[in-house]
Structure formats: structure tokens, C-alpha cells
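See below for the structure under consideration.
The values are calculated or read from the model by the stated rules, or taken from the named source; none is laboratory data. Worth saying up front: this structure is predicted, and the values here are computed from it rather than measured. Cβ placement follows ideal geometry from the backbone for every residue including glycine, while neighbour counts extend to all protein chains displayed. What goes into the accessible areas is simple: the full protein's heavy atoms, side chains included, and nothing from ligands, DNA or RNA. Shrake-Rupley method; radii C 1.70, N 1.55, O 1.52, S 1.80 Å.
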Amino acid sequence: MKEINVAIVGYGVVGNGVAKILDTQKELLKQKSGLNINLKKVFTRSWNKVFPHPIDENRKAKNLEEILEDKDIHIVVELTGGIDFPFYLVMESINKNKHIVTANKALLAEKGKDIFLKAEEKNIRVGFEAAVAGGIPIIKALREGLVANEIKKIYGILNGTTNYILTSMYKEGKTFYQALKEAQEKGYAEADPTLDINGTDAAHKISILSSLSFGGFLDFSHVYVEGIEKIDILDIDLGRELGYTLKLLAIAKSHNDEVEIRVHPTFLPSDHPLSKVDGVFNAVMVEGDNVGETMFYGRGAGSLPTASAVVSDIVSIAKSISLGIGNEIEITSMNWKHKELNLTKAKDFYTRYYIRFTVPDITGILAKIASVFAKYSISIAAVIQKEKVLKLQKSLSEKVVPLVILTHTASENNIQSAIKEIIENHYTVEDPVIIRVEDEET
Ligand code: HSE
């Protein structure tokens, strides 16, 4: 039976999970794959720590060269953080003819083009199932299960930290900061959750899914991203009254020769399946021309769920090695490597909007705002004006009230022009809160 040797670089939460599965479920993996998959070496700079899955001395690499120069190591599993070091490690490993498995979405979203072109040149496979939605096998679903489809739309909840926070705000009435603190205390949020909260993590993931779904690389710096840091519980409550639930949604839609990619807080109808995805769970909806709508749900983070995805890549690459087929499988399913996706500009987005103004409670203000909307051809679908909202009025004068307008589908450009005019005319005493809505109409 063929023996495949694996090395792990980076021994954190996910690394420990991968080592645990490879060491304790060797027999199961052998039965399922017909291969002996060995964890030969692990490298970390922090061997002085106590690990949930300890590594015996003879498998501890003292330096990277011990792994890179070992011709018997077939697969390098990159589980470090950041971009610069993992990029160096992955490129060096490819140069040394080692196949790669990585869970690093930032690395792939920002340096994927260089990595995949290099891998193609060297006939090396790069597995990245764990980079998007942790344990949910969405990469294999797009590459294999849905291969018979032209993908029209892919959208979902791709970040567990923000979903946990928004769920606590919606269900328990917590403020953003109370919910974030609770997520950190429970170990769901990173010590520095900046990239989760500001939407970058979800944007990295939807960029990877977009490349696979629509066939091309993209310039990550042009992806539209908004986080949840400014979300006020008041908007969650007002949205609920209108029949909507707030989620940090990552959305990618194909329009002829353009792809629209955006990540932002989004109101979804409360009976939409994604509105029921609570806490740290992730879910992805994919719409294909033949299959219609499909939904994938599961744990998007955590040691063993993420390790489950990493090991699936290890087994898949181990099988290719034993069959002697290098990355030919990837070349056929990723023959878009030389294309660039054309991203829709934010001003050309076309969707529905929830807009909350803070207006003086005086005669005619609603009519004035409505007339600005009419001027820019924005059709109003619903209006809520609250006579009294105590939470809001604490910091403001007695005589202001929130006025919420829900629009029909409108262009972002027109919305921004209307808002600018409303602010300039002092019809609102604070900058309005704008939240996009995704429903049947859009
Ligand atoms: N920090 C991510 C999340 C998990 O909160 O979903 C890793 O991608």
C-alpha cells in the first residue's frame, strides 16, 4: 500500500485538529482511501506551549528546511496566519515539488493568482477546502457536484463571529459591544476580531467562491466591503417590524460580462432560510442554471470542523499522487487561471434599501424627503415613523424621531445622490443609516 507523508506548518487550533484526525483516525482514512497517510513532521515556532494534541519529539521539526528538504514529504499543510510568511512557504514548497493544503483565505484571495500559476507550471495540487466556510465542503460542491451548472448567484453567511454577534443582538437585545465581548469570552471571536467585524474575512471567502463559480481571478482591492461595527440595535428592531432579519451577507452575482461582488450588513426576509442560520454557523446558497437553488450549512470555524476539510484535501491529493496524476484534475476544473473577472462598480449596484433618517418632528418633513426620492426615481415601498424612541432620544433633543424608508429596487448611484441632497438640505439631523435589502424583488 502506498505511503503518503504529510507535514504541518503552524500548530494552532486547526493544526492540532488535523494532527489529531491523522493520528487517531488513520485506520478509517486507510479504509476509505486505500492509502497510508502519515503525519511525518510538524513545525511551529512555539514548541514551549502545551498542545491539545501533543507531538512526539521525533516529529517536531526544528526548522522549515527539515520539511522543505525532505524528499519523502509529499504534502505541506500550511496553517500559519497572515500573508507574507505563508506565501513564502507555499511558493518554496511548490518549488520543491510538494503539494499544498491551506486554510488561509487571505492568502488565496490576495495572492491566489501567483500561487495557482506556479502550481500549474510545476504540476502541483493546491487544496483549499478549509479556506471557505470551515467544515462545509463548498469548494468540492462547486468543482464537482455542481460542475454541470452555470452558476448564476452564490451568497451566504461566511463569517461565524459576526453571525454570532448579530444573532445575540436580534434574539437577546444585546448591543454590538456586549455581543462582541460575549463572543470573545466564549472563544468564538479572535483576540483581534478586526478582519471578521469589518467584513474582510467574508470578502476573502466570497472572492474565492466567485473565482471558482465564475471562472477567473479578481482584484481583491476592488471588492465592495462593509462591516457590522456601526450596527445599532434600533435598526435590527425596526427591520424586524418590517419583516426582515439582519445578516452580514456575502453576495456574488453574474451579469453577462460582469460579476457583482459585495459584502455588507443585509436585511433578508425573516422567513428566508439564511435568516434561520444562527450563532457561529455558516451557510451558503448556490443557484445553478440546471440545479436551481441549493443550500449548504454547517460549522464555519473551530478545530475539528476545519480540520475535517483540511484532511479531505489531504486524502484527495494523496489519491492523485498514488494515481500519478499531479494537478491534471485541477487543470480541467480550474482552466480559468488566465482570466480576470470584471467587477461591477459600487455605483452600479441595483438593489433595495432600508434608510433610517433622524428627522425633526415638524410638519412636511416626510413630504420633503419623499420629493427628493421622487426626483431621483426612487420608489418608496414602506415607511415607518416612530413617535417616540427612548433609546435614540437619550443623546438627542426631544423633538427628533427616526423615519425609516424602505425602497423598491433602485440604483446605488441614485440613492447616494438623494441622500446627499437630503443631508445638504438638513432634512436629517444625523447621517442616515443605509442597509441594503436582499429579497425576491432583487
Ligand atoms: N474567523 C472566522 C469566522 C473563522 O469567525 O468565521 C475562520 O475563517
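Return yes when Asn48 is in a loop (DSSP other than H, G, I, E, B), within 21 Å of Ser320 (Cβ to Cβ) and not aromatic (Phe, Trp, Tyr) and no when it is not.
no
Does Ile231 qualify as being farther than 17 Å from Asn104 by Cα and within 14 Å of the ligand (Cβ to nearest atom)?
no
Name every residue in region 309-326 that is among the hydrophobic types (A, V, I, L, M, F, W, C) and either surrounded by fewer than 17 Cβ atoms within 10 Å (Cβ to Cβ) or more than 16 Å from the ligand (Cβ to nearest atom) (or both), in order of residue number.
Selection gives Val311, Ile314, Val315, Ile317, Ala318, Ile321, Leu323, Ile325.
Taking Lys96, is it closer than 19 Å to Asn5 by Cα, over 20 Å from the mean Cα position of the chain (by Cα) and more than 15 Å from the ligand (Cβ to nearest atom)?
Yes; evaluated as a whole, the condition is true for this residue.
What are the residues in region 275-299 that are under 14 Å from the mean Cα position of the chain (by Cα) and under 24 Å from Ile233 (Cβ atoms), if any?
Within region 275-299, Val280, Phe281, Asn282, Ala283 qualify.
Just to be sure I understand the filter: pairs with C-beta atoms under 6 Å, separated by 6 or more residues or on different chains, first member in region 175-191 and closer than 23 Å to Gly81 by Cα and open to solvent by 60 Å² or more (accessible area, probe 1.4 Å), second member within 15 Å of the ligand (Cβ to nearest atom) and outside any helix (DSSP H, G or I). Which pairs pass?
That search, which allows pairs on different chains as well, returns Tyr188/Val280.
Quick grid of which residues meet (1) out of contact with any Pro (no Cβ under 8 Å at 6 or more places or on another chain); (2) within 16 Å of the ligand (Cβ to nearest atom); (3) assigned by TED's automatic domain parsing to the domain that holds Phe128; (4) touching a residue at least 60 places away in the same chain (Cβ under 8 Å):
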{"residue": "Leu242", "(1), (2), (3), (4)": "yes, no, no, yes"}
{"residue": "Glu287", "(1), (2), (3), (4)": "yes, no, no, yes"}
{"residue": "Met295", "(1), (2), (3), (4)": "no, no, no, no"}
{"residue": "Ala307", "(1), (2), (3), (4)": "yes, yes, yes, yes"}
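Is it the case that some residue within region 107-124 is part of a loop (DSSP other than H, G, I, E, B), in contact (Cβ under 8 Å) with a residue 60 or more places away in the chain, away from the ligand (no atom under 12 Å from the Cβ) and crowded, with 17+ Cβ neighbours inside 10 Å?
Yes, there is a match, as at least one residue in region 107-124 is part of a loop (DSSP other than H, G, I, E, B), in contact (Cβ under 8 Å) with a residue 60 or more places away in the chain, away from the ligand (no atom under 12 Å from the Cβ) and crowded, with 17+ Cβ neighbours inside 10 Å.
Those residues that are within 12 Å of the ligand (Cβ to nearest atom) and either open to solvent by 10 Å² or more (accessible area, probe 1.4 Å) or closer than 22 Å to Asn97 by Cα (or both), I need them from region 132-145; list them, please.
Gly135
Go through (1) crowded, with 16+ Cβ neighbours inside 10 Å; (2) closer than 23 Å to Asn123 by Cα for Glu65 and report which single condition fails.
(1)
Identify, please: which residue in region 183-210 is away from the ligand (no atom under 11 Å from the Cβ) and closer than 19 Å to Ile231 by Cα and is, among those, nearest to the chain's Cα centre (by Cα)?
Only one residue fits best here, namely Ala203.
Would you check if there is a residue in region 252-265 being free of Cβ contacts under 8 Å to residues at least 60 places away in the same chain, away from the ligand (no atom under 16 Å from the Cβ) and open to solvent by 10 Å² or more (accessible area, probe 1.4 Å)?
Yes, that holds for at least one residue.
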